[in-house]
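Peer 1: Take a look at the following structure, please.
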Amino acid sequence: MSDIILDQDKNNAAPSAPRSSVARRIFHYALAFSVPLALALGWEFAVRAGWSNGRLMPPPSRILDAFADLTASGELKIHILATLARVLAGFALGAVTGAVIGALAGVSDIARRTLDPSLQALRSVPSIAWVPLFLLWLGIFEASKIALIAVGVFFPVYLGVSGAIEGIDRKLVEVGRVFRLTPFQMTTRILLPAILPATIIALRAGLGLGFMFVVAAEFMGASEGLGYLLVDGQQMGRPDRILAAIIAFAALGKICDGILVVLTRPLLRWQDLARSQL
Amino acid sequence: MLTLSSVSKTYADGTEALRDIRLDIDQGEIVALVGGSGCGKTTLMRLISGLDTASSGSIAVDGETIAAPHPAVGVVFQEPRLLPWLSVADNIAFGLHHLPKAERIATAQDALTRVGLAGYGDRWPRELSGGQQQRVSIARALVPKPKVLLLDEPFSALDAFTRAALHEQLLGLWDAIRPTIVIVTHDVDEAIRLADRVVVMRPKPGRIFEVVSVAAPRPRDPLGLPYEKAKRRVLHALDRSLQNEPTTKPAAASGDAALWW
Ligand SMILES: Nc1ncnc2c1ncn2[C@@H]1O[C@H](COP(=O)(O)OP(=O)(O)O)[C@@H](O)[C@H]1O
Ligand SMILES: [Mg+2]
């Protein structure tokens, strides 16, 4: 009997739900884009009307031109790929070490008491302060840049994973004990699923910091990369190229975060409902 | 069948939660534990489930000593404690990991039907009401076919109507496989509706105060005389278990108070 009721529910809900949600989503996108679009069009108009020469703050059309030039010459692709490669390498390094050490600190009280105070102290060092040291130790090429990015990624991942393990609901662990799970089963069937949401949030935070640190890394002296494009734009007095690089950074960061979200969404399907109810 | 021999439990902080609990429970018997809060009911359930160990004395199921969680003992906690990342059906099948997948699915579906949730298997636990979640939790504990089922205040968070419906359902499930059931409750009606014997406990330290047998045949009529009689005896015992407390050991009580100051 409840079967029938359920089926009816589905039939009633199915046709109406997507329509309203598509309309709502378009509305939300419109809201989100209204501010930058209004600013861009307003500035374009102001420059064309001659109220400003737009030299220091070029209008959108000139930024688009810069994009077109950079794309046509193949420069943009080179810079994006260089930055992306550094972020991914640093992210991989920082995320893996952060997750491993975070897991250690979360699981073992001794490890946490040993490692956590030092790591917390290191965490309060501003990122740029590492630059001279890394340059001395690792040279001016890729190694020092990747190390700096990895440092940035490490801390949010470390904190997220160790905190998630400490925050695991003891009551769910007891369910595992009642069913006599082996330590391995306990890890795969209870602990890992339980820390997954917090871990993914930590990875996203880490990736975001990775993009912040790659700029610092590329300021250290690079011959390619979006950070190099920023410095180059400043030295050549080309604010249009600087802005093009900034926009490329924003898009690249957003796309990478989006990919991470899409890749991990199937793992968090059980949470969707909770979020939509908030 | 379930034998508690002089079970005592003193926690690491010195709290004497249980002292000298002796109880013999028959195969298929339903026993309700009642008593004020702090008289060690939860502690006793955790000892029988093997989640904690007794300080002295022993617990045995069919002669086998319980020192750690045991396949013969199923547990339903006060909260449903479903795993939020598993579907309802997968939650029910949680304890059947050793079985082939097809068999697991079939067993879970069958159990869902028995607890009146056919068709809910693909949902997430969050999508169920509290009463439905607790039914899933009962199904999860029952599918591995334990000989003893422990329930610690399983229905205390539910409204009266839901609770009454779940009593019927629990009795139905019990009738099908006749496990031994130990249920903690603070609801005397719940105890008498369900149990063959009601164990009244008293606190500080937790002890058995009185055991009341409920003679009424099932299904029990809450307006019938045997039900009334049993209820009056349990209420009376509960009353005395609380009253007696200050008068039995006045010296110790004042000694404690002196220490406090
Ligand atoms: N883990 C613990 N450590 C120390 N004392 C505890 C612990 N658990 C329960 N107690 C104490 O043991 C006594 C019995 O508790 P409990 O078994 O939860 O009683 P009930 O379930 O009957 O309310 C209480 O005095 C309680 O404070
Ligand atoms: Mg309790």
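Nothing in this text is a laboratory measurement; each read-out follows from the coordinates by a stated rule. Here the structure is a predicted model, which is why all the values come from computation and not from measurement. Note: ideal-geometry Cβ built from the backbone for every residue, glycine included; neighbour counts use all protein chains shown.
Peer 1: Taking Cα atoms, how many degrees apart are the long axis of helix A:142-166 and the longest axis of chain A, rounded to 10 and kept between 0 and 90?
Peer 2: Here the helix axis deviates by roughly 30 degrees.
Peer 1: Can you give the local net charge around B:GLN133? Use residues other than it whose beta-carbon is closer than 13 angstrom to its beta-carbon, Lys and Arg +1, Asp and Glu -1.
Peer 2: Result for the local shell: +3.
Peer 1: Considering only DSSP beta bridges where both residues belong to the range B:2-213, give the percentage that are antiparallel (nearest 5).
Peer 2: 50 percent
Peer 1: Applying a 10 Å radius around every beta-carbon, put B:141-150, A:119-128, A:163-172, B:229-238 in order of their mean neighbour count, most first.
Peer 2: In decreasing order of mean packing, B:141-150, A:119-128, A:163-172, B:229-238 become B:141-150, B:229-238, A:163-172, A:119-128.
Peer 1: Taking the Cα centre of chain B as origin and charging only Cβ (+1 Lys, Arg; -1 Asp, Glu), how large is the dipole, in debye to the nearest 20?
Peer 2: Dipole about the Cα centre, nearest 20: 140 debye.
Peer 1: Okay, next question. How big is the range A:167-215 by Rg and Dmax over its Cα atoms, in Å?
Peer 2: Radius of gyration, then largest Cα-Cα span, for the range A:167-215: 15.4, 51 Å.
Peer 1: Right, something else. Helix A:75-107 versus the longest principal axis of chain A: what is the Cα-based angle in degrees, 0 to 90, to the nearest 10?
Peer 2: So the helix axis and the longest Cα principal axis differ by about 30 degrees.
Peer 1: Beyond 17 Å, what share of the Cα-Cα pairs of the range B:1-109 is found? Please give it as a whole percent.
Peer 2: Percent of Cα pairs beyond 17 Å in the range B:1-109: 62.
Peer 1: Let me have the 222 nm mean residue ellipticity of chain A computed from DSSP H runs of 4+ only, each contributing -39500 (n - 2.57), with the sum over all residues rounded to the nearest 500.
Peer 2: Using -39500 (n - 2.57) per qualifying helix, the result is -28000 deg cm²/dmol.
Peer 1: Against the longest alpha carbon principal axis of chain A, how many degrees, from 0 to 90 and to the nearest 10, is the axis of helix A:192-219 turned?
Peer 2: 20 degrees
Peer 1: Oh, and also: How far apart, in nm, are two points set 7 Å out from the Cα along the Cα-to-Cβ line at B:ASP239 and at B:ALA12?
Peer 2: For B:ASP239 paired with B:ALA12, the spin-label model returns 4.3 nm.
Peer 1: Sticking with this one: Per the helix-only calculation at 222 nm, which mean residue ellipticity applies to chain B, given -39500 (n - 2.57) for every DSSP H run of n ≥ 4 and division by its residues, nearest 500 deg cm²/dmol? Write down the numbers at each step before the final one.
Peer 2: Working: 8 runs with 101 residues, N = 261.
Result for chain B: -12000 deg cm²/dmol, rounded to the nearest 500.
Peer 1: What is the set of long-range amide H partners of B:GLU153 at a cut-off below 5 Å, with H atoms built 1.01 Å from backbone N?
Peer 2: B:VAL184, B:THR185
Peer 1: Please list 3J(HN,Hα) in residue order for the range A:171-180, calculated via the Karplus relation 6.51 cos²θ - 1.76 cosθ + 1.60 where θ = phi - 60°; whole Hz, with x for glycine and proline.
Peer 2: My calculation for the range A:171-180 gives 5, 6, 4, 5, 4, x, 5, 4, 8, 6 Hz in order.
Peer 1: Sort the range B:72-125 into rounded, prolate or oblate with this rule: let a ≥ b ≥ c be the square roots of the eigenvalues of the Cα gyration tensor; rounded if a/c is under 1.5, and if a/c is not under 1.5, prolate when a/b is larger than b/c, oblate otherwise.
Peer 2: Cα axes put the range B:72-125 in the rounded bin.
Peer 1: Still on this structure, please answer the following. Output ³J(HN,Hα) for the range B:78-93: one whole-Hz value per residue in order, computed from phi by the Karplus curve 6.51 cos²θ - 1.76 cosθ + 1.60 with θ = phi - 60°, and x for Gly and Pro.
Peer 2: With coefficients 6.51, -1.76 and 1.60, one gets 4, 9, x, 6, 7, 7, x, 8, 10, 5, 4, 5, 5, 4, 4, 7 Hz.
Peer 1: Could I ask something else about it? Between A:VAL22 and A:MET186, what is 0.36 nm times their sequence separation minus the Cα-Cα distance? Round to one decimal in nm.
Peer 2: 54.9 nm
Peer 1: How large is ³J(HN,Hα) for each residue in the range B:144-154, as worked out from phi by the Karplus curve 6.51 cos²θ - 1.76 cosθ + 1.60 (θ = phi - 60°), to whole Hz, x for Gly and Pro?
Peer 2: Taking θ as phi minus 60°, the curve returns x, 6, x, 7, 10, 10, 9, 10, 9, 6, x Hz for the range B:144-154.
Peer 1: Hey, rough spin-label estimate for A:TRP51 and A:ALA111, points 7 angstrom out along Cα→Cβ, what's it come to in nanometres?
Peer 2: Distance between label points: 6.0 nm.
Peer 1: Using the Cα gyration tensor of the range B:2-213, with a ≥ b ≥ c the square roots of its eigenvalues, what is the shape: rounded (a/c below 1.5), prolate (a/b larger than b/c) or oblate (neither)? Numbers along the way, then the final one.
Peer 2: Numbers: a/c = 1.86, a/b = 1.57, b/c = 1.19.
Prolate shape, in that a/c is at least 1.5 and a/b is the bigger ratio.
Peer 1: Taking square-rooted eigenvalues a ≥ b ≥ c of the alpha carbon gyration tensor, is the protein assembly as shown rounded, prolate or oblate, where a/c under 1.5 means rounded and, failing that, a/b exceeding b/c means prolate?
Peer 2: In terms of gyration-tensor shape, prolate.
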